[in-house]
Every structure is written in C-alpha cells, then in structure tokens.
2 protein chains.
Amino acid sequence: MHALLPDLLGPHNAAQRRALSKAITLIESSRADHRVQAHALLDALLPHTGRSLRLGISGVPGVGKSTFIEALGLYLIGQGQRVAVLAVDPSSSVSGGSILGDKTRMERLSSDERAYIRPSPSRGQLGGVAEKTRETILLCEAAGYGVVIVETVGVGQSETAVHGMTDLFCLLQLPNAGDELQAIKKGVMELADLVLINKADLDPAAATRARAQITAALRLFGWHGEHAPHAGANEAIAPQAGATEAIAPRPPTWQPRVLEFSALSAAQAQPTRAAAQAQPMRNSAHRFDAFWAAVSEFQRVQQANGQWQARRQRQASAWMWALIDAGLKQRFAAHPQVRARLPEVVQQVLADALSPSSAAHQMLALLEP
Amino acid sequence: MHALLPDLLGPHNAAQRRALSKAITLIESSRADHRVQAHALLDALLPHTGRSLRLGISGVPGVGKSTFIEALGLYLIGQGQRVAVLAVDPSSSVSGGSILGDKTRMERLSSDERAYIRPSPSRGQLGGVAEKTRETILLCEAAGYGVVIVETVGVGQSETAVHGMTDLFCLLQLPNAGDELQAIKKGVMELADLVLINKADLDPAAATRARAQITAALRLFGWHGEHAPHAGANEAIAPQAGATEAIAPRPPTWQPRVLEFSALSAAQAQPTRAAAQAQPMRNSAHRFDAFWAAVSEFQRVQQANGQWQARRQRQASAWMWALIDAGLKQRFAAHPQVRARLPEVVQQVLADALSPSSAAHQMLALLEP
C-alpha cells in the first residue's frame with residue numbers, strides 16, 4: 001500500500017491536505033519510478049473515486065471565470081460541500097500568467113480549508129497537462145471532495161480536453177454577439193451543457209438578446225447528439241421487443257440550457273449600480289440558486305437516462321486510447337533507427353523526391369525486428 | 001521500372017487511359033505485394049507530378065455538385081485542358097449510392113476522352129479512402145491531366161481530408177441561411193478559399209443576402225490564418241533584417257472570396273425563366289469565366305507569396321505523419337499479446353477497476369521486447 005493512502009482516505013484534516021498535495025506532486029512528476037508509484041497509488045485509490053460531480057468551466061479571458069468560480073466555491077461550501085478547483089492551461093509554462101497560477105485571485109476561497117485549489121500543471125503539452133489533471137480529479141475524489149471544478153482558458157484545444165474529463169461542461173459568455181460567434185467558430189459552444197451569460201446585470205437588454213440568440217443557435221444546429229432523443233445510448237435503453245405502439249416511455253434527455261447570471265446579487269441589482277458596486281460580495285448566495293438547480297437537474301436527468309455513467313465510460317476509454325496513441329508515437333520517435341533516418345526522409349518528402357506513402361512505409365519498416 | 005510507366009507517361013491515347021485505370025486499381029489494392037509495387041510506381045512517377053491544379057469541391061447533398069463539376073469540366077475542356085475528376089466518399093461502401101458511383105450523373109463529361117472520371121474508392125474508413133485518392137491525384141498528374149477536381153460529400157470529416165490534398169478548396173452553398181450555419185458549425189467554411197453561391201439565379205435576392213452574410217462572417221471570424229497577413233509563413237518571407245520602416249512590400253495574401261453562380265447562363269437569365277429552362281446547357285461557357293478568373297487569381301497570388309508550395313509541403317508532411325500514426329496503431333492492434341490482453345483491460349477500465357493511465361501503461365509494456 002502506498003504510504004500516502006491512509007492519510008488521503010482519512011479524516012479531513014491538515015494531514016490529508018498535505019498527503020493530497022504530495023500525491024499530486026507525485027503524479028505530476030515525469031520520473032519513471034514516480035510514474036510506477038503513481039500508477040500503484042491510482043489503482044489503489046480507484047474504488048474510492050467517482051463520487052464527485054466533475055464540473056468544467058470555460059470561457060474566454062475577461063469573462064470573469066475566476067470571480068465566478070470563487071463565489072461558486074464559497075456558495076457550495078455554504079451548502080456543506082467540499083470543493084476542489086483545478087485548472088487546465090497548456091500555455092501556463094510559456095506565458096507565466098496562468099489561470100489559478102496566482103492564488104490571490106481566489107483569496108477567500110483558497111484560505112478556506114474546505115476548499116482545495118491547485119494551479120494547472122505546467123507541462124507545456126496539452127496531452128500531458130490533461131492527463132495530470134484527470135489523475136488529480138481522482139485524487140481529489142478519493143480525498144472526499146464532492147465537487148471538482150476544472151477551469152480552462154478559452155483558447156486552444158483545452159476546452160475539448162476539459163469536456164472529456166467532466167460530467168457537466170459550462171461555458172461562460174459575455175452578453176456580446178462577437179463572443180458567441182467565436183464560441184461557435186471554435187466548436188466550444190457545441191460542447192456546452194450549460195451556457196451562462198455572465199455579468200448580465202451590466203447590460204440586461206444585451207444579455208436577454210444574447211440568451212435568445214444562443215438558445216436559437218443551439219436549437220437550429222441540433223447540437224448535442226449525445227443528449228438527443230435519437231442518440232445511440234438511448235436506443236439501447238428503449239425496449240426493442242414488444243408492441244411498437246405500447247413501448248415504455250423513454251427517460252427524458254438533457255437539452256443544453258442558457259442562463260443569465262448576474263455578477264451582483266439580485267438584491268443589489270435593485271438599487272443604483274454605484275450602490276451595488278460598493279458591496280459586491282455580500283448577500284450573494286442566492287445568485288447561485290438557479291445555476292445550481294440547473295446543475296442538479298442535469299445530474300438527475302443524466303443519471304436517470306444512463307448518460308451520466310455512459311459519458312464517464314466513454315471518457316475513460318478515450319483517455320486510455322489517447323495515452324496509448326501518445327505512447328506509440330513516443331516509442332516511434334525514440335527508436336534509434338528512426339531517429340537516424342527521419343530527418344533525411346522528411347527532407348525528401350518536402351522536396352517531392354519521395355512520396356509520403358513510401359516515406360511512411362520505409363519508416364514503419366524500420367520498426368520490424 | 002514498372003510495366004505501366006511508359007504508357008502512363010506516354011501520349012494521350014487509349015493505352016494511357018487503360019494504364020491509368022490499372023494503376024489506380026493497383027494502388028487501391030490492399031494486398032501487401034500490390035502495396036510494394038504501388039510504392040515503387042509512385043516513387044518513379046513522382047518527378048512527373050505536381051504540375052496540375054488540384055481543386056477541391058465540397059457542399060451538402062442537393063447543392064448541385066455533380067451538375068456544377070460536369071459543366072466546369074466541359075468548360076475546361078473547351079479551354080484546352082484535360083480534366084480528372086475524383087471523389088472522396090467514405091460512406092460509399094455502406095450506402096451504395098455514392099457520389100460519382102453512377103457515372104451517368106456526368107454522362108457528357110465521362111464520354112469525353114479529355115476527361116477521366118473515377119468514383120470514390122470504397123474502403124470504408126476515411127483514412128484509407130483519402131490515402132488512395134491522394135495517390136490517384138499523383139497518377140493523374142503524371143498522365144498529364146492539368147486540372148484534378150476532387151469532389152467530396154458534405155458530411156463527416158471528408159472535407160478536411162480533401163482540403164488536405166488540394167490547392168484550392170471551394171465550397172458550394174445554396175442561397176439559404178440554414179446552410180451557412182451548418183457550414184460554420186461543421187468548420188467547413190473556414191476551410192474554403194472560395195465560396196460559391198450556387199443556383200443564385202433561382203432567387204437572386206436571397207443569393208445576394210447570402211453572399212453578404214458569408215462575406216461578413218468570414219471577415220468577422222478572421223478566418224484563414226494561413227492567408228492572413230500575420231501568418232507564420234509570410235513572416236518568414238518578409239525580410240527580418242534591415243530598416244523597420246523601409247522593408248520591401250510583402251506579396252499580397254489571398255482573402256477568401258464569395259461568388260454568386262448561376263445554374264443558367266447569363267444570357268439565359270435575361271428572358272423569362274421558362275424560356276431559360278428550355279435550353280439549360282447551351283451557351284453556358286461564359287458562366288464559368290468569373291469563377292475561373294478567381295481560381296487563376298488565387299493560383300497567381302499563392303504562387304507569388306510562396307503559399308502554393310508551402311501548402312503542398314504541409315500537406316505532404318501531414319500525409320506522411322497520418323500514415324505513420326495509422327501504421328503504429330495497426331501494428332499495436334495486431335500484436336499477439338495486445339490482442340490477448342486488450343479485451344480484459346478495456347473491461348476493467350469501463351468497470352472502474354483499472355485507471356486508464358495504468359491500463360495504457362500495461363498495454364504499452366507488452367510491446368517491450
């Protein structure tokens with residue numbers, strides 16, 4: 001048994017917190033002996049994982065993700081939950097100014113012992129960053145965190161990675177048409193189970209317009225095959241035998257939903273904006289009631305129709321295959337004869353002196369024993 | 001030297017046509033000895049390839065691709081060109097009713113000996129279909145076809161594959177807003193170098209609206225990184241040393257363009273629609289003048305700024321890597337110990353009894369000698 005296991009699975013105290021940090025450091029290490037230990041630890045933890053709600057939060061820089069997540073975390077703690085906040089930001093090793101890199105951005109939440117905040121592993125490549133974050137989710141679940149929030153920057157392919165490791169993917173949008181088109185263009189909106197128009201109180205008319213437009217877009221595009229009534233998983237659930245007319249009613253499927261969200265509390269939105277801005281964080285708990293009700297309904301619907309578990313199984317399978325693919329490519333690139341021949345072959349292909357299929361054939365032949 | 005080579009590279013006659021058909025059949029074969037012959041043939045042909053214009057044509061079913069391509073082919077033949085028409089349709093082996101599967105759909109073009117029409121190889125998987133089509137492009141070029149048109153169905157990922165093997169990717173659209181959103185959603189429009197509003201004469205007002213909307217969308221999204229002034233390849237071309245003010249002017253970059261296209265000729269569009277429909281194919285050559293002028297301008301601009309060759313090199317490199325990746329996966333799946341263990345490991349992952357990273361680690365370890 002791994003030395004960290006008893007503390008990780010034990011009571012919520014400083015020792016567990018230290019064990020969690022040490023375990024994450026272990027899985028973030030790329031040393032071969034650490035990887036062996038990490039795999040042993042993960043497999044031992046596995047029976048104690050899977051019971052959290054894994055919530056992905058995305059949105060372009062400036063949409064207010066950190067403020068939203070901190071306030072949500074405090075709200076959930078107020079509801080008796082323990083909350084872990086992780087991040088996927090492949091750019092963090094390059095840009096320095098990473099999301100969650102500066103803990104002071106979530107000062108109140110990070111000082112609460114019922115919350116655990118971990119910045120993005122700075123590994124450079126998205127694949128590596130995503131793998132470490134997936135493993136960290138499992139560690140947090142084993143340590144008893146009931147909600148694991150995974151934040152991602154609104155650039156690059158990190159949204160797809162976070163969608164692939166969470167139960168519910170929530171997109172934060174500003175009430176701004178250009179933003180919508182960006183999200184549609186990048187294919188992010190089609191990943192969203194919930195779209196939240198953030199800072200709706202700053203321009204209520206624009207927020208209402210944005211909500212109507214995004215709702216129409218989601219309907220028009222017929223997105224979310226996995227939620228749609230004709231999706232394969234549901235077909236399997238519906239009885240195939242029996243009368244064609246009197247089949248049992250199918251459990252309802254989740255339709256992506258658009259909500260408006262105010263950065264200020266509903267009570268604060270009543271008086272002048274100046275007055276509201278003077279006390280931005282007080283009495284704000286019930287701002288989250290509608291949001292969390294939608295999250296809970298999503299969980300109920302998805303668990304009833306089987307999609308909750310099906311999505312996690314797809315994610316686990318896809319994760320395994322992504323790691324196998326990455327490993328195969330790594331082994332290929334490290335092969336001595338490949339390393340010796342590849343540069344010349346690539347040059348021949350670029351110079352039209354060797355067809356790409358011959359080149360691939362030659363390189364693969366080098367792997368034969 | 002391969003037996004087919006002299007006829008392929010020889011004069012344009014029935015013998016060349018037979019050799020081309022045989023060569024395509026050879027490269028479409030999956031027999032190992034045929035693959036060896038095919039690679040030898042392709043490498044021998046390579047010095048005689050690359051001189052055609054490779055034109056990708058996409059659009060959803062019903063947009064009128066076949067009619068457009070047949071008329072375009074006849075127009076180009078009228079201009080003294082020889083034209084090959086290929087297709088990428090991964091669904092053809094399933095659905096039967098494949099694009100180009102029924103040659104009678106391009107009856108006039110297929111009966112002209114200056115044209116060569118080949119239906120999609122029916123290999124089921126897109127990767128296989130795309131590879132065979134790429135190789136067929138090389139064969140057609142060696143046989144002296146100056147324009148190679150590659151048609152693709154407007155479903156699935158085949159557009160990306162065809163974009164990855166052509167110099168110019170043209171998207172056909174109906175004057176219909178729903179169509180545009182579909183193309184944006186699927187990420188097809190961002191691939192387009194030219195967007196053609198087909199059948200514009202049926203509803204000129206709608207066509208003009210569609211053209212304005214698509215043009216605005218292309219601008220708003222700032223698509224086409226490879227064409228944009230800040231693209232990496234251009235930076236490399238621009239002189240880095242020297243005065244910051246007095247740098248040489250950069251060669252212009254191509255901006256994606258939207259054209260309206262009438263299914264009827266301009267002359268026919270003048271009288272009543274009934275009269276025009278009575279003679280749909282006559283006097284239609286100059287319908288293509290504006291389209292082909294845009295194609296020729298694209299070629300001139302891209303060749304001048306270096307993107308023509310850079311795009312082909314990127315395509316060749318990406319093609320080689322795709323084949324290597326596919327080969328690595330094939331070898332993995334065929335490994336005896338992997339085949340023996342994989343089903344159980346997958347089951348353990350789906351049952352949460354084994355973490356995906358441990359599973360991948362175990363499977364990759366089986367490959368060690």
- Report, ordered by the first and then the second residue, all pairs with beta carbons closer than 6 Å, sequence separation of six or more or different chains, a first member in region B:1-29 that is assigned to a helix (DSSP H, G or I), and a second member that is β-branched (Val, Ile, Thr). B:Ile24/B:Thr136
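Residues checked against (1) buried (at least 16 other Cβ atoms within 10 Å of the Cβ); (2) closer than 14 Å to B:Trp321 by Cα; (3) out of contact with any Cys (no Cβ under 9 Å at 6 or more places or on another chain):
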position	(1), (2), (3)
A:Gly327	yes, no, yes
A:Phe332	yes, yes, yes
A:His335	no, no, yes
A:Arg339	no, no, yes
A:Val345	yes, yes, yes
A:Ala360	yes, yes, yes
- Message: Tell me yes or no: at least one residue of region B:12-23 is within 14 Å of chain A (Cβ to nearest Cβ) and under 17 Å from B:Glu141 (Cβ atoms).
- Response: yes
- Can you name every residue in region B:30-65 that is exposed (fewer than 14 other Cβ atoms within 10 Å of the Cβ) and more than 21 Å from B:Leu76 (Cα to Cα)? B:Ser30, B:Arg31, B:Ala32, B:Asp33, B:Val36, B:Pro47, B:Pro61, B:Gly62
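Residues are listed down the side, and each one gets a yes or a no for (1) within 9 Å of chain B (Cβ to nearest Cβ); (2) within 18 Å of B:Gln330 (Cα to Cα):
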| site | (1), (2) |
| --- | --- |
| A:Ser296 | no, no |
| A:Arg300 | no, no |
| A:Gln303 | no, no |
| A:Gln313 | yes, no |
| A:Met320 | yes, yes |
| A:Ala326 | yes, yes |
| A:Phe332 | yes, yes |
| A:Ala340 | no, no |
- Item | region A:24-36 - residue that is touching a helix residue (DSSP H, G or I) at 6+ places or on another chain (Cβ under 8 Å) and within 12 Å of chain B (Cβ to nearest Cβ) and, of those, farthest from A:Leu194 (Cα to Cα) | A:Arg35
- Note on the structure: Residue hits (region B:335-349; part of a helix (DSSP H, G or I) and over 19 Å from A:Ala44 (Cα atoms)) are B:Pro336, B:Gln337, B:Val338, B:Arg339, B:Ala340, B:Arg341, B:Leu342, B:Pro343
- Message: Of all residues being within 14 Å of chain B (Cβ to nearest Cβ) and hydroxyl-bearing (Ser, Thr, Tyr) in region A:38-62, which is nearest to A:Ser296 (Cα to Cα)? Just the residue, please.
- Response: A:Ser52
- Message: Going by what's in this entry, would B:Val345 be described as at the interface with chain A (Cβ under 9 Å from one of its Cβ atoms) and modelled with pLDDT of 95 or more?
- Response: yes
- Single condition A:Ala183 does not satisfy, out of (1) modelled with pLDDT under 85; (2) more than 24 Å from the chain's Cα centre (by Cα); (3) among the small types (Gly, Ala, Ser): (2)
- Conditions: (1) at pLDDT 90 or above; (2) part of a helix (DSSP H, G or I); (3) surrounded by 12 or more Cβ atoms within 10 Å (Cβ to Cβ). A:Val258 meets all but one. Number of the miss? (2)
- Inside region A:124-135, the number of residues satisfying the requirement of being buried (at least 24 other Cβ atoms within 10 Å of the Cβ) and of a type in the set (S, T, N, Q) is 1
- Task: Output the residues belonging to region B:73-117 that are in a loop (DSSP other than H, G, I, E, B) and at pLDDT 90 or above.
- Result: B:Gln79, B:Gly80, B:Gln81, B:Arg82, B:Asp112, B:Glu113, B:Arg114
- With the condition kept exactly as written, say whether any residue in region B:52-59 is in contact with an Asp or Glu (Cβ under 7 Å, 6 or more places away or on another chain) and in a helix (DSSP H, G or I). no
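Let's see how each residue does on (1) within 13 Å of another protein chain (Cβ to nearest Cβ); (2) modelled with pLDDT of 55 or more; (3) in a helix (DSSP H, G or I):
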position: A:Gly178; (1), (2), (3): yes, yes, yes
position: A:Arg211; (1), (2), (3): no, yes, yes
position: A:Gly225; (1), (2), (3): yes, no, no
position: A:Pro229; (1), (2), (3): no, no, no
position: A:Asn234; (1), (2), (3): no, no, yes
- Determine if region A:45-56 includes at least one residue that is touching a residue at least 60 places away in the same chain (Cβ under 8 Å) and more than 22 Å from A:Gln309 (Cα to Cα). no
- Query: Looking only at residues in region B:1-23 that are over 27 Å from the mean Cα position of the chain (by Cα) and surrounded by 13 or more Cβ atoms within 10 Å (Cβ to Cβ), which one is farthest from B:Arg118 (Cα to Cα)?
  - Reply: B:His2
- Query: Is at least one residue of region A:350-368 assigned to a helix (DSSP H, G or I), away from chain B (no Cβ under 14 Å) and modelled with pLDDT of 90 or more?
  - Reply: no
- Item | Verdict on B:Phe332 being assigned to a helix (DSSP H, G or I), in contact with a Lys or Arg (Cβ under 9 Å, 6 or more places away or on another chain) and in contact (Cβ under 8 Å) with a residue 12 or more places away in the chain | no
- Please tell me if A:Ile69 is within 14 Å of chain B (Cβ to nearest Cβ), in a helix (DSSP H, G or I) and either under 30 Å from A:Leu196 (Cα atoms) or modelled with pLDDT of 90 or more (or both). no
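The values are calculated or read from the model by the stated rules, or taken from the named source; none is laboratory data. Everything numeric in this text was worked out from a predicted model, so none of it was measured. Cβ sites come from the backbone with ideal geometry, for glycine too, and all protein chains shown count toward neighbours.
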